[in-house]
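The values are calculated or read from the model by the stated rules, or taken from the named source; none is laboratory data. Since we're looking at a predicted model, the values are computed, not measured. Here Cβ is always computed from backbone atoms with ideal geometry, including for glycine, and neighbour counts include all displayed protein chains.
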Amino acid sequence: MSTNMKTQTRPSGGLGDLFKKEDYWAVWLGLGIVVVALLLWTSGNTFIKSIAVNFPGNWTDFSKIAAFLSANLMNLFLLWLVFTVIFTVAIKTLGHKVGEFILGFTIIFIASIVIYILGASKFSNHYNLEAPLWALVIGMIIANLFKLPEWFNTSLRTEFYVKTGIVLLGATLPFTMIVQAGPAAFLQATVIAVSTYLTIYFVGTRVLKLDHRFAATLAAGGSICGVSASIAIGSAVKSEKQHVSVAISLVVVWAIVMVIGLPFVIKAFGIPDGPGGAWIGTSEFADAAGMAAAAAISEQAIRTFTLMKVVGRDMWIGIWCFIMALISVTKWEKDESGAKPQAGEIWYRFPKFVIGFFIASILLTIIVATSNPHAAASVTADVINPIKVLRSWAFIFTFLCIGLTTRFRDLTSVGWKPFAAFTAGVCVNVPLGFIFSTIILGGFWQLVK
Amino acid sequence: MNINNETCVQRVIIQFYHQNFPKLKNKENKLITEVTLGKDIGPEDIRLWKNYLTERLERIAQMMEVLLEAHEDWAITGRKGFVQMETQSFEVNKVINVLSSHGFHKDEYIIKLEYTRKWGVL
């Protein structure tokens, strides 16, 4: 039963959540693409393969790219159409303006073509200016020098694009690899996340005398999984809105530092791609920024990054929230009568796109494993490889959106105490991540290809 | 804080229980003694339950009126054992202050917070 009052706030909970949250939509769209690709393959249709436009790498002569563009104009149009239609369905259901989204997304798509081409050039390859870096830099320059129109914001859905991309990425990762790497990722992530969490929390509360809840929210952002963790823990422990805003701002600032700094250090010191990706997965603060950093290195780095970040860190956020909510109610709310958290909190906070990532991986792994060698090769060529290209497009949209939404003037003025507490965590997280990824488990991550 | 600098949206959820109060930290709700029906019940138990429900539901209605008077944008749903009011445009401290200033104690309702990132944030 629900009232019919005029209201902007929509009721939460129930089955409606399946279509009211970006997290679920990433699952529906990602898995939808995988299933459609498989159905088309079974009927011998090559539509997915034809729209998976992948620009040739290491080009030096622009006339070749121009020729490629003119030969693939229709395929690019169909690619735009497919992305526009599926994203628009989600955006409409999520309550945003369709016209604004289509116009904004079209601009993002065209800009992504330019970035894709730039990133594929020999010049970019020589100077390590991969497409993610171009996207970030171009996006940040535009966002910080010009005032973008309000309507454009509707299409800047960083989290939505990256989660859809991660579900697609699941289809390209054998499930056996996830199972083999899972325990190592969990071990590494847990040791480092706990060390970083405790550092930020104790520096925050004991040294800098910050409020317990504020310190917990900061610590979550700096150790577990960035903004998602800050908002989840902030909700669970009932942090002040300003405190959650400050934690998010700090995550964004450090994520931008890391997205440029980590790939630079990894390349400068010749750290192998596998351990490099695992280090980014451990020490970068946000999924989207981490994916940009890993994509600036190689496909192997994307794989180890994803295993580390998604399997080792993101999927445990629910358990962290349950524990912190319990501590908050029993220790920090001594004069209040809060309701004890229920175990259902763990599921409620679980990032649902991880389920899509697992299902996509399991589905393709079973199909490849149960097919004869000829059919398995055909699945790889006609389903998995095109999905990999579509995933790359979703990530380019993401990287561009990171740049376009990183408006330094809009970030909260954080104050030196939260900054100091968070930075203390960075000083633990980054070196520990390096030691685990390159020395203790370096051999293991190098073998994950 | 300048609203342009906020990076999250706060959803305040207030639950007014009339049945099956969740376990509270202080184990018993000081203001409300919930009447429930067990196995062996007689007519008098039903009357006690009726009186409890009448008082409790009236109290809930009063709290709802106070909140609706203070702010327009609420999503209200009747759920199993409780009524839930939610808003994304009225801060939690204001909610508590409004209820307190009208004589309602924190034991009479449960507040939950749910944050979401503002558009585009990483």
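Find all pairs meeting these conditions: Cβ atoms under 9 angstrom apart; at least six residues apart or on different chains; first residue within segment A:202-220 and assigned to a loop (DSSP other than H, G, I, E, B); second residue of a type in the set (Asp, Glu) and surrounded by fewer than 23 Cβ atoms within 10 Å (Cβ to Cβ).
A:211/A:240
With the requirement that a residue be assigned to a helix (DSSP H, G or I) and either modelled with pLDDT under 85 or within 20 Å of residue B:79 (Cβ to Cβ) (or both), what does segment B:33-53 give you?
B:49, B:52, B:53
Filter segment A:260-284 down to the residues that are within 22 Å of residue A:197 (Cβ to Cβ) and β-branched (Val, Ile, Thr), then identify the one that is farthest from the other protein chains (Cβ to nearest Cβ).
Across segment A:260-284, the extreme among qualifying residues is A:282.
Return the only residue of A:288, A:292 being within 12 Å of chain B (Cβ to nearest Cβ), touching a Pro at 6+ places or on another chain (Cβ under 6 Å) and in contact (Cβ under 8 Å) with a residue 60 or more places away in the chain.
A:292
Would you mind finding the one in A:53, A:35 that is part of a helix (DSSP H, G or I), within 26 Å of the chain's Cα centre (by Cα), away from every other protein chain (no Cβ under 14 Å) and aliphatic (A, V, I, L, M)?
A:35
Within segment B:92-117, which residues are surrounded by fewer than 15 Cβ atoms within 10 Å (Cβ to Cβ) and part of a loop (DSSP other than H, G, I, E, B)?
B:102, B:103, B:105
Would you mind stating whether residue A:410 is within 14 Å of chain B (Cβ to nearest Cβ) and touching a Ser or Thr at 6+ places or on another chain (Cβ under 9 Å)?
So residue A:410 fits the description; yes.
Just need a number here: residues in segment B:90-122 that are more than 7 Å from chain A (Cβ to nearest Cβ) and of a type outside the set (A, V, I, L, M, F, W, C).
Summing the residues that are more than 7 Å from chain A (Cβ to nearest Cβ) and of a type outside the set (A, V, I, L, M, F, W, C) in segment B:90-122 gives 12.
Just wondering, is there one or more residues in segment A:313-336 that are at the interface with chain B (Cβ under 10 Å from one of its Cβ atoms), under 30 Å from residue B:105 (Cβ atoms) and assigned to a strand (DSSP E or B)?
No, the conditions are met nowhere in segment A:313-336.
Only one of A:228, A:239 is within 15 Å of the chain's Cα centre (by Cα) and facing chain B (nearest Cβ under 9 Å); which?
Of A:228, A:239, the one residue that is within 15 Å of the chain's Cα centre (by Cα) and facing chain B (nearest Cβ under 9 Å) is A:228.
Since residue B:72 meets every condition but one in (1) more than 7 Å from every other protein chain (Cβ to nearest Cβ); (2) in contact with a helix residue (DSSP H, G or I) (Cβ under 9 Å, 6 or more places away or on another chain), which condition does it not meet?
Among (1) more than 7 Å from every other protein chain (Cβ to nearest Cβ); (2) in contact with a helix residue (DSSP H, G or I) (Cβ under 9 Å, 6 or more places away or on another chain), the lone unmet condition for residue B:72 is (2).
Would you mind listing the helices (runs of 4 or more DSSP H) fully within segment A:233-302 where at least 3 residues are surrounded by fewer than 24 Cβ atoms within 10 Å (Cβ to Cβ) and not charged (D, E, K, R)?
Counting at least 3 such residues, we get A:241-268.
On the basis of being out of contact with any His (no Cβ under 9 Å at 6 or more places or on another chain), surrounded by fewer than 15 Cβ atoms within 10 Å (Cβ to Cβ) and part of a strand (DSSP E or B), does residue B:78 make the cut?
Considered against the rule, which asks whether it is out of contact with any His (no Cβ under 9 Å at 6 or more places or on another chain), surrounded by fewer than 15 Cβ atoms within 10 Å (Cβ to Cβ) and part of a strand (DSSP E or B), residue B:78 comes out as yes.
Given the structure, is residue A:143 closer than 30 Å to residue A:389 by Cβ, more than 14 Å from chain B (Cβ to nearest Cβ) and of a type outside the set (S, T, N, Q)?
Judged against the criteria, residue A:143 is not a match.
Quick grid of which residues meet (1) in contact (Cβ under 8 Å) with a residue 12 or more places away in the chain; (2) among the acidic types (Asp, Glu); (3) touching a Phe, Trp or Tyr at 6+ places or on another chain (Cβ under 9 Å):
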{"position": "B:81", "(1), (2), (3)": "yes, no, yes"}
{"position": "B:85", "(1), (2), (3)": "yes, no, yes"}
{"position": "B:91", "(1), (2), (3)": "yes, yes, no"}
{"position": "B:94", "(1), (2), (3)": "yes, no, no"}
{"position": "B:102", "(1), (2), (3)": "yes, no, no"}
{"position": "B:106", "(1), (2), (3)": "no, no, no"}
{"position": "B:112", "(1), (2), (3)": "yes, no, no"}
{"position": "B:117", "(1), (2), (3)": "yes, no, no"}
{"position": "B:122", "(1), (2), (3)": "no, no, yes"}
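Given segment A:358-449, what helices (runs of 4 or more DSSP H) lie entirely inside it while holding 3 or more residues that are of a type outside the set (S, T, N, Q) and in contact with a strand residue (DSSP E or B) (Cβ under 9 Å, 6 or more places away or on another chain)?
In segment A:358-449, there are no helices (runs of 4 or more DSSP H) which contain 3 or more residues that are of a type outside the set (S, T, N, Q) and in contact with a strand residue (DSSP E or B) (Cβ under 9 Å, 6 or more places away or on another chain).
The rows are residues; the columns are (1) crowded, with 19+ Cβ neighbours inside 10 Å; (2) over 21 Å from residue A:164 (Cα atoms); (3) within 14 Å of chain B (Cβ to nearest Cβ).
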site	(1), (2), (3)
A:385	no, no, no
A:404	yes, no, yes
A:426	yes, yes, no
A:432	yes, yes, no
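Given the residues A:92, A:97, A:122, which is the only one that is basic (Lys, Arg), over 27 Å from residue A:27 (Cβ atoms) and surrounded by fewer than 17 Cβ atoms within 10 Å (Cβ to Cβ)?
Going through A:92, A:97, A:122 in turn, the sole match is A:122.
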